[in-house]
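What follows is a single structure, written as structure tokens, with notes after it.
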Amino acid sequence: MSGNPHKPAPSTLQTLTGAHSTANAAATRRRSILACPTYPDPAATAELARGDAVALVGLVRDEDPRVVFGALQYYTHEQLAALAVALAAMVPPDRSAADLLAWLDPLATQEVA
């Protein structure tokens, strides 16, 4: 094994975006397409995911993190995947992660109730 033994392997998403160059990026892409779920009503699924994404943004900013994580435990794998895609679609691609998460800085010094 080469490299840093404490550095985690790149995730599937990092491999697909080219954030980590790997020889098996094409194979990762093929596996991802094969694993894609099919939804009986894709439009309804997308609309529900959009509403849940907007609600989750508010909860993450205003609610106890335990409530947020607890609520997400009731979602199916497919619902979480749709939610993740809806949330990603809401992120402006021209903003850095540091800019998008700057609102978290003051929270780092606060205690959870």
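Quick check, is Leu16 surrounded by 11 or more Cβ atoms within 10 Å (Cβ to Cβ), in a helix (DSSP H, G or I) and at pLDDT 80 or above?
Taking the combined requirement at face value, the residue does not satisfy it.
Out of curiosity, is Val85 under 14 Å from the mean Cα position of the chain (by Cα), hydrophobic (A, V, I, L, M, F, W, C) and more than 26 Å from Leu16 (Cα to Cα)?
Against the criterion (under 14 Å from the mean Cα position of the chain (by Cα), hydrophobic (A, V, I, L, M, F, W, C) and more than 26 Å from Leu16 (Cα to Cα)), Val85 does not qualify.
Could you grab the pairs with beta carbons closer than 6 Å, sequence gap of 6+ or different chains, first residue in segment 58-85 and surrounded by 11 or more Cβ atoms within 10 Å (Cβ to Cβ), second one outside any helix (DSSP H, G or I) and modelled with pLDDT under 90?
That search, which allows pairs on different chains as well, returns Glu78/Pro37.
Considering only segment 72-89, state which residues are part of a loop (DSSP other than H, G, I, E, B) and within 15 Å of Ala46 (Cα to Cα).
Hits for segment 72-89 are Tyr75, Thr76.
Suppose we keep only residues that are under 30 Å from Leu104 (Cβ atoms) and in contact (Cβ under 8 Å) with a residue 12 or more places away in the chain within segment 29-53. Which one would you say is surrounded by the most Cβ atoms within 10 Å (Cβ to Cβ)?
Ala49
The values are calculated or read from the model by the stated rules, or taken from the named source; none is laboratory data. Owing to the predicted nature of the structure, the values given are computational and were not obtained by experimental measurement. We place every Cβ from the backbone using ideal geometry, glycine too, and count neighbours over all the protein chains shown.
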